[in-house]
Amino acid sequence: MQMKPPVPSDKEVIPKAAQKELTDLLGEKNVCFNRDMLSVFRCGPGAPFPGSKNPHGMVQPETTEEIQGIMKIANEYKFPVIVVATSGPGVCLSGGLIIDTYTRMRKIHQIDPESGYALVEPGVTNGQLLRALRPLGYWISFGSYPPYVGEIASLVCFNGYTNIIGKEHHFCIGLEVVLPTGEIIRTGTAALGYDWWTQYRGVPDLTSMWTPSFGTHGIITKAALRIHPLGEKRQIVIAGFNDFNKALELLNNLSKEAMANTSMIWSHRWTEWENYMYQNGKGFMDYVNHMLSLGPDKAPPGYYPHNVLASFSGYKEQVEGGVKTCERLIKELGGEINTENFKNQWPGTWEWWNQHFLDLTNPGEGSVKSQVDGVEGTVGGLIAETNVRQAKEFHHTIMEKFHEFGIRSVRYYIRQYDHGRTTFLRYLYQTEQEDPEAIIAGLKTMKQIDDWWDSKEFKEKFPDVFRHAPPTAPIEASTKTESSGGPPLLAMPSGPPPGEKTKKSPYRIVELRKKILDIIDPNNLMDPATKKMEYDTWGKAHREAK
Amino acid sequence: MLPKLNDFKKSIHGCLKCLGCRRGSEVAGIPEQEKNCPFHEYNNHNRIFSAQSIWATGRNILHGDVNISPAITDLLYECTTCRACVNNCILESVANPNADTVKFVEFLRSEMVKKGYGVPIHLKFGEHIAKENNPYMEAHKDRWNWLPNKEQLPEKAEYVFFVGCTSSYRQTQIAKATVNILNKLGLDYTVMWRPGQDEWCCGSPLQRTGQVDNAKNVAEHNIQAIKKTGAKKVITSCSGCYKMISNDYKELYDLDYDFEVVPTSQFLLDKVKSGELKLTEPVNMKVTYHDPCHLGRHMGVYEPPRELLKSIPGIELVEMPRNREHAWCCGAGGGVRAAYKDITMFASTERIKEAEDTGAQAVTSSCPFCWTGLHEGIEENKSKLGLYDVIELVEKAIK
């Protein structure tokens with residue numbers, strides 16, 4: 001049987017009967033079908049997203065059972081759903097029903113310090129969980145957004161943001177998920193009926209498949225997150241570098257030797273130094289002239305363009321040893337211990353870390369300040385990962401390209417994980433425009449970057465750089481195969497012979513994901529637009545921008 | 001000058017969707033409380049009812065995806081314009097001083113009214129203001145019933161007491177207390193009761209609900225009336241009137257005047273400090289102070305009422321967890337009490353419970369309209385809390 005994915009239009013996507021059923025299920029206060037009032041659910045945080053549409057409805061469930069009920073109704077009436085998280089992704093590109101899983105799903109079910117996990121609902125914020133953990137002497141990884149807004153759901157998406165307690169050490173160790181069919185599954189040890197203490201057992205680990213974003217495979221209703229004891233001593237060391245390569249080297253060493261809990265390079269260039277002028281009471285033109293005299297890669301006097309932030313936690317001797325070693329490495333690499341200066345120069349960034357990790361009384365306020373920069377105009381970004389061999393050259397190339405494309409303002413942070421073997425690079429740039437025409441121009445710039453990335457030149461130069469980005473060729477909205485007669489779950493395209501270097505990976509997760517979706521989402525409710533990953537749809541929308 | 005849609009473009013595109021606008025109290029360092037925005041909390045913590053949503057709607061309007069229509073009435077009119085969201089907005093506080101959600105809400109409401117989609121009850125009191133100069137459906141001739149000997153006050157004076165509609169028609173005890181104190185001080189003051197230089201509604205209810213043309217008319221009248229008294233200083237016990245006359249008349253309607261406008265609490269505090277006003281009678285009471293939104297977040301007046309309270313012998317002032325710029329709104333403002341009474345009850349109930357938790361015997365404030373909202377919360381919850389305007393307590397402390 002072939003089924004076309006539902007393509008919502010302005011017609012009655014969610015029929016009145018379905019609206020009534022949803023209202024009966026959740027109560028009138030927890031549903032909204034007034035399209036004009038649903039603008040806020042067009043997309044997640046960050047830049048306004050051209051191409052997004054107002055959804056056709058929004059529901060706010062409180063329990064797993066209610067989500068099961070919603071999926072039952074969605075299957076019956078065949079309308080698409082978009083699951084959103086406050087600080088995670090989630091763009092409504094084609095309408096449908098928003099399932100808001102954070103507003104009312106905010107319960108902390110269990111904190112088990114002995115087994116080292118907290119079981120929470122997706123709407124629990126970092127700050128909320130931190131407050132519950134602190135009296136017990138525990139904490140969780142830094143979030144992708146400030147503690148007071150960062151919902152756990154988004155942390156699960158990005159798997160934490162740290163190098164020791166982050167990715168490779170399994171920030172998220174188990175999930176309860178409602179599938180598109182309404183069935184419930186659990187991952188990790190909980191899948192086998194045990195408690196939630198670890199991620200791996202004798203079943204495939206599926207933890208990363210479920211994100212509360214557009215076009216995913218299921219809806220997270222509970223997450224078991226790894227919690228960590230607050231060390232008896234905690235300290236943050238910040239090192240200033242003028243040379244990016246040296247900063248990366250320090251970062252790599254800290255990660256490779258598992259010295260710091262967390263570490264990252266926090267860099268600013270070009271117009272980001274506006275901050276400097278504000279702090280020094282100078283006018284904008286003073287700032288422009290000053291920066292022109294210095295050149296784009298330089299920082300104003302007393303500032304460093306690259307700061308490595310490292311946090312240490314543990315027993316007193318352990319932390320002191322780590323800090324001492326870190327300080328030795330900083331000096332050897334030509335950097336300077338910049339902790340005290342940094343506090344004044346970048347108070348927001350400092351406070352974010354300070355309040356999450358050092359000052360345990362007040363999560364939140366400083367993190368607001370940390371978002372001061374880059375709040376106007378079209379904001380674009382690149383997220384890439386590569387092995388450590390390519391990180392430096394890639395970084396220098398991308399900065400040159402940004403300059404070439406006329407992107408003047410760039411800030412980025414970079415961290416190592418997998419014990420320094422992998423580099424995570426996140427660039428945020430602004431095109432400094434505010435009206436619709438200028439936004440479109442900004443999007444064209446993004447497209448230029450996309451095209452460059454897709455070019456032969458790039459692929460030959462950086463075969464190992466993985467970008468969370470669109471595929472090279474558009475994938476047509478696929479036709480469906482009946483789940484019973486469909487392809488086997490783990491059948492993948494054949495790869496190169498063992499040992500041969502992969503220039504272009506044939507194991508495209510998009511393909512695998514499509515096969516899985518064919519089986520678990522027979523009505524294609526969760527990815528109605530293009531049946532591709534979210535990154536793909538973002539890229540496509542960029543390309544289609546006028 | 002009244003803003004236009006394009007004036008908000010930067011803010012519309014700049015919203016980070018960080019949700020600070022609705023969870024500001026945690027930002028304020030009060031981790032137990034995440035409630036910040038009354039209409040957001042009333043609507044079940046629903047993101048649709050938030051400042052973020054208002055900016056998102058603005059973006060849709062700017063791009064032509066959504067039209068000004070009754071479909072967005074609830075979103076725009078359930079907001080109490082308390083400004084708690086603005087206080088906690090990253091853009092507003094740090095990067096973009098023009099990202100003022102309240103201004104934007106008022107602008108969108110004015111667009112609604114222009115297209116004929118205003119809230120009927122607001123339009124009704126708007127019409128009444130045009131006829132009888134007050135929104136309480138009362139006659140203009142009854143405005144001074146609380147002050148029978150008004151004729152004794154001079155036509156021209158150094159100070160003019162701008163009473164406001166709520167104190168004139170409803171919470172007259174605040175107006176009476178103010179006049180008694182001014183009399184005790186022996187000041188050269190007057191009130192504007194004489195035809196031709198008579199006090200009208202300050203226009204705040206009109207401005208807040210989008211009826212900007214009418215608001216400007218009453219503003220022009222009041223400016224002329226005040227000028228006729230020759231006063232150098234206008235004293236007002238109403239926070240809404242204070243914000244309107246001292247800020248909006250100039251900023252929004254470009255009206256020019258050279259008199260000074262001061263809230264009564266500030267005026268009396270100055271008199272206490274200069275020794276002209278002696279507060280000698282003990283008022284033995286543990287009180288907490290509720291910051292009116294228009295006086296506090298809108299105008300930045302937090303300390304004078306507190307200092308005035310502290311200068312009263314016997315008064316013990318205890319703070320609620322959410323105070324000053326982080327104060328929870330009483331829920332009455334922005335036209336909400338008239339159109340969405342449930343929200344007012346929800347917000348005032350929350351505030352009264354917060355006040356009760358401090359162990360105070362009474363809650364005080366500096367705004368007759370907050371007095372009204374809080375009073376309803378006390379009645380609804382059968383609370384034993386006393387309720388006073390700061391001026392009433394000052395009056396008690398004078399021999």
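The values are calculated or read from the model by the stated rules, or taken from the named source; none is laboratory data. Remember, predicted model here, so these are calculated numbers, not experimental data. Neighbour counts are summed over all protein chains in view; Cβ atoms, including those assigned to glycine, are modelled from backbone coordinates with ideal geometry. Heavy atoms of the whole protein, side chains included, go into the accessibility calculation; ligands, DNA and RNA do not. Shrake-Rupley method; radii C 1.70, N 1.55, O 1.52, S 1.80 Å.
In debye to the nearest 20, how big a dipole does the range B:260-399 give about its Cα centre with +1 on each Lys and Arg Cβ and -1 on each Asp and Glu Cβ? Walk me through the numbers before you get to the answer.
Working: 17 positive and 21 negative charges, 26 e Å.
Approximately 120 debye in magnitude.
When the Kirkwood radius is taken over all Cα pairs of the range B:192-308, what Stokes-Einstein diffusion coefficient follows at 10 °C and 1.306 mPa s, in µm²/s? In µm²/s, the coefficient rounds to 102.
Using θ = phi - 60° in the Karplus curve 6.51 cos²θ - 1.76 cosθ + 1.60, the 3J(HN,Hα) couplings for the range A:227-233 round to 10, 10, x, 6, x, 5, 10 Hz; x is entered for Gly and Pro. Between the amide H of residue A:306 and those of A:241, distances stay under 5 Å, these residues lying 5 or more places away or on another chain, with hydrogens modeled in the peptide plane.
At a 1.4 Å probe radius, carbon and sulfur cover how many percent of the accessible area of the range B:218-337? Kindly include the intermediate steps, with their values, before the conclusion.
Numbers: 1800 of 3990 Å².
Its accessible area is 45 percent carbon and sulfur atoms.
For the pair residue B:257 and residue B:303, a Förster radius of 35 Å applied to the C-beta separation gives a FRET efficiency near 0.85, rounded to the nearest 0.05. Counting only protein heavy atoms and a 1.4 Å probe, the range B:126-225 has 39 square angstrom of accessible area per residue. Remark: C-alpha extents of the range B:275-399 on the principal axes read 44, 31, 24 Å, sorted largest to smallest.
With +1 on each Lys and Arg Cβ and -1 on each Asp and Glu Cβ, and nothing else charged, work out how big the dipole of the range B:92-206 is about its Cα centre, in Debye to the nearest 20.
Charge dipole of the range B:92-206: 260 debye, to the nearest 20.
Share of Cα-Cα pairs in chain B beyond 31 Å, in percent? Pairs farther apart than 31 Å: 35 percent.
Taking only protein heavy atoms and a 1.4 Å probe, what accessible area per residue, in Å², does the range B:332-399 have with all protein chains in place?
Each residue of the range B:332-399 exposes 37 Å² on average to a 1.4 Å probe.
The mean number of partner chain beta-carbon atoms within 10 angstrom of a residue's beta-carbon across peptide A:30-37 is 6. Considering only GluC sites (Glu not before Pro) in DSSP loops that have at most 15 other Cβ atoms within 10 Å, the longest stretch of chain B without any of them is B:33-154. Taking amide H as placed 1.01 Å from N in the peptide plane, residue B:386 has its amide H under 5 Å from the amide H of B:362, B:363, each at least 5 places away in sequence or on another chain.
Total buried accessible area between B and A, probe 1.4 Å, nearest 100: 4100 Å². Legend: distances between Cα atoms for B:228/B:271; B:233/B:396; B:10/B:131; B:115/B:341; B:273/B:396; B:115/B:228; pairs beyond 30 Å are B:10/B:131; B:115/B:228.
How much of the accessible area of the range B:81-195, probe 1.4 Å, is carbon plus sulfur, in whole percent?
So the carbon and sulfur contribution to the accessible surface is 49 percent.
Counting only other chain Cβ atoms within 10 Å of each residue's Cβ, the peptide A:58-65 averages 1.
From the largest down, the range B:89-201 spans 49, 36, 25 angstrom on the principal axes of its Cα atoms. Dipole of the range B:201-252 computed with +1 at Lys/Arg Cβ and -1 at Asp/Glu Cβ about the Cα centre; of B:234, B:218, B:204, farthest Cα towards the positive end is B:234. Placing +1 on the Cβ of every Lys and Arg and -1 on the Cβ of every Asp and Glu, with no other charges, gives chain B a dipole of roughly 220 debye about its Cα centre.
Within 10 Å of the Cβ of each residue in B:61-71, the mean number of Cβ atoms contributed by other protein chains is 3. For the peptides A:187-195, B:228-236, residues were scored by their other Cβ atoms within 10 Å and the scores averaged per peptide; the highest-first order is B:228-236, A:187-195.
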